[in-house]
Amino acid sequence: MAKLKSVVFVTGVMLLILAAAVGYLSVKYLAAVLPADSYEDKGVYTFLPYQVLPVQVQNTGAGGRDRRMNPTKTAYMVCYQDAGGSGCQWSRQALTRELGQEIVDEGAAVERRVLSIPADRSYITVEPGQTAESYTAGLRQKYITALVTAGAYVILYAAAWCVTGNIKRRMG
């Protein structure tokens, strides 16, 4: 019984730390979301794949010693460019180099909406049905959901701590 209590305690503390980290990051990212009027809709562009490039990404699939020994791994990005010649580019990850090359060889066009950010002379691409308003609303919803979930856990943890403390005082 003592082992079970210690496992529950340690798990609860680890989840509390995770909830605090998620809450902090949610607030940080929520504050960084640009308002919808910061984006300028450039319309829907047609992108064609033109090459597959290897890139180094963080190795999140490994754990412990494997992650320390191999902090990065190679991923393959399929690069797309605007068929209209505007210079806009977009990329997405492929599972393997071969699958990425198949996408390039097929040459299937992909439509993406381009949202310009005039303040820093950059742009993003989103699904064609999205607008700047729906994109920013989706980001806000995601970060608020994470923040509420983390906050709920912290409150439940504190309530459980108070309840168990009261029970121990009454019994002891």
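Of the solvent-accessible surface of the chain, computed with a 1.4 Å probe over protein heavy atoms with every protein chain present, carbon and sulfur atoms account for 61 percent.
Here the convex hull built on the C-alpha positions of the range 1-59 has a volume of 200 cubic angstrom per residue.
With n ≥ 4 as the cut-off for DSSP H runs, can you work out [θ] at 222 nm for the chain, using -39500 (n - 2.57) per run divided by the number of residues, rounded to the nearest 500? Helices in the chain give a 222 nm mean residue ellipticity of -17500 deg cm²/dmol. Axis angle, to the nearest 10 degrees, between helix 132-171 and the longest C-alpha principal axis of the chain: 10 degrees.
Straight-distance candidates among the aspartates and glutamates for linking to K73, with alpha-carbon spacing under 20 Å and chain neighbours fewer than 8 residues away dropped: E98. Using C-alpha pairs below 8 Å separated by at least 6 residues, the relative contact order for the chain is 29 percent. With only the Cα atoms considered, the range 106-146 has a convex hull volume of 112 Å³ per residue.
Paramagnetic label reach from T46 (point 7 Å along Cα→Cβ; backbone nitrogen cut-off under 14 Å): within the range 58-81, residues 81.
Projecting label points 7 angstrom from Cα along Cα→Cβ for T164 and A83 puts them 6.1 nm apart.
Direction-averaged projected area, Cα convex hull, the range 1-125: 11.9 nm², rounded to one decimal.
The long axis of helix 2-32 is offset from the longest Cα principal axis of the chain by roughly 40 degrees.
Normalised size of the range 58-107, defined as Cα radius of gyration per 2.2 N^0.38 Å with N residues, equals 1.56. A full extension of the chain between T96 and V7 corresponds to an added length of 28.1 nm, given 0.36 nm per residue minus the alpha carbon distance.
Just checking the listed ones, V33, V44, V13: in the Gaussian network model of the chain with Cα springs under 10 Å, the one fluctuating most is V13. Between the C-alpha center of the range 74-103 and that of the range 9-59 there is a gap of 20 Å. Shown for the range 77-172 is the translational diffusion coefficient from the Stokes-Einstein equation, using the Kirkwood radius over Cα pairs, a temperature of 25 °C and a viscosity of 0.890 mPa s: 136 µm²/s.
The values are calculated or read from the model by the stated rules, or taken from the named source; none is laboratory data. In this text the structure is predicted, and so the values were computed from the model without any measurement. Cβ atoms come from the backbone with ideal geometry, glycine included; neighbour counts cover every protein chain shown. SASA here: full protein model, heavy atoms, side chains in, ligands and nucleic acids out. Shrake-Rupley method; radii C 1.70, N 1.55, O 1.52, S 1.80 Å.
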